[in-house]
Amino acid sequence: MMSKSRNQSEPPVAGRTPAPRNHHFRGSLGRFATGVAIVTFDGATKRHGITVNSFTSVSMEPPLVLVSIARSTKAHDELAGRPFTVNILGAEQRELAMHFAGRPGPDPVWVEGRTAPRLSGVLAYFECTPWAAYDGGDHTLYVGEVADFDYRNGDALAFANSSFTTIPESQLGMEELL
């Protein structure tokens with residue numbers, strides 16, 4: 001008979017994840033290093049920014065990207081159907097990430113994009129028009145068609161094991177391989 005390891009637990013009750021399992025699941029996901037981005041958009045009454053680490057490309061033709069936004073985020077409902085920008089942060093922009101994660105710091109410098117507002121000095125940006133939104137459990141998966149984009153040189157801000165880290169520029173990009 002096999003014994004259970006400390007990482008195994010009883011199957012969850014339908015629709016409910018036990019807290020220890022949920023905590024362990026989050027910790028397991030945290031082992032995957034991700035970049036850090038801020039989704040910016042103009043809401044009904046004000047400009048918003050949401051720090052995210054769930055961002056990915058979806059398609060080259062047409063150019064599509066996806067961001068995953070927690071339903072518990074204050075600005076979640078205002079994003080539906082609105083143009084947005086995904087701002088990829090440079091390693092020196094931790095304070096900006098924290099500002100839009102609920103720990104306000106100095107006011108950000110905004111740039112009026114062609115499609116949606118963006119942040120000044122970011123490592124890369126993708127201005128998007130809404131393409132689709134999908135139910136993702138406690139998140140909504142927003143897909144945007146990229147209308148404008150650009151990047152600059154520099155190290156990238158990353159997040160792994162509940163901490164910020166840096167991805168050196170020497171590890172970024174493969175444009176010369178294409």
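The values are calculated or read from the model by the stated rules, or taken from the named source; none is laboratory data. Worth saying up front: this structure is predicted, and the values here are computed from it rather than measured. Because the Cβ atoms are built from the backbone with ideal geometry, glycine has one as well, and the counts that use them run over all protein chains shown.
Counting only residues that are among the aromatic types (Phe, Trp, Tyr) and within 19 Å of PRO117 (Cα to Cα), which one in the stretch 32-82 is surrounded by the most Cβ atoms within 10 Å (Cβ to Cβ)?
The selected residue is PHE41.
This table checks each residue for (1) touching a residue at least 12 places away in the same chain (Cβ under 8 Å); (2) part of a loop (DSSP other than H, G, I, E, B).
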site: LEU96; (1), (2): yes, no
site: PRO108; (1), (2): yes, yes
site: GLY113; (1), (2): yes, yes
site: PHE126; (1), (2): yes, no
site: ALA132; (1), (2): no, no
site: GLY144; (1), (2): yes, no
site: PHE164; (1), (2): yes, no
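Would you mind finding the one in ARG94, ARG103, ARG47 that is farther than 25 Å from ASP155 by Cβ and basic (Lys, Arg)? Walk me through how you get there before you give the answer.
On the way: ARG94 fails: farther than 25 Å from ASP155 by Cβ; ARG103 fails: farther than 25 Å from ASP155 by Cβ.
On inspection, the qualifying residue turns out to be ARG47.
Please go through (1) more than 17 Å from TRP131 (Cβ to Cβ); (2) of a type in the set (S, T, N, Q); (3) part of a strand (DSSP E or B) for THR73 and return the number of the only condition it doesn't satisfy.
Of (1) more than 17 Å from TRP131 (Cβ to Cβ); (2) of a type in the set (S, T, N, Q); (3) part of a strand (DSSP E or B), only one is false for THR73: (3).
Going by the conditions given, is ARG82 of a type in the set (D, E, K, R) and under 18 Å from LYS46 (Cα atoms)?
Taking the combined requirement at face value, the residue satisfies it.
So, in the stretch 135-178, of the ones that are surrounded by 14 or more Cβ atoms within 10 Å (Cβ to Cβ), acidic (Asp, Glu) and closer than 20 Å to SER57 by Cβ, which residue ends up modelled with the lowest pLDDT?
Looking at residues that are surrounded by 14 or more Cβ atoms within 10 Å (Cβ to Cβ), acidic (Asp, Glu) and closer than 20 Å to SER57 by Cβ, I get GLU169.
Hey, can you tell me all the residues within the stretch 33-73 that are of a type in the set (Lys, Arg) and in contact with a strand residue (DSSP E or B) (Cβ under 9 Å, 6 or more places away or on another chain)?
Taking the stretch 33-73 as the starting set, the residues that turn out to be of a type in the set (Lys, Arg) are 46-47, 71.
Within the stretch 33-73, ARG47, ARG71 meet the criteria.
Restricting to the stretch 34-87, give me the number of residues that are touching a helix residue (DSSP H, G or I) at 6+ places or on another chain (Cβ under 9 Å), among the aliphatic types (A, V, I, L, M) and closer than 19 Å to VAL109 by Cβ.
So the answer is 5.
For the stretch 83-103, give me each residue that is farther than 14 Å from ARG118 by Cβ, touching a Gly at 6+ places or on another chain (Cβ under 8 Å) and either of a type in the set (Gly, Ala, Ser) or surrounded by fewer than 18 Cβ atoms within 10 Å (Cβ to Cβ) (or both).
ALA91, GLU92, GLU95, MET98
Looking at (1) part of a loop (DSSP other than H, G, I, E, B); (2) modelled with pLDDT under 95, which is the only condition PRO62 fails?
(2)
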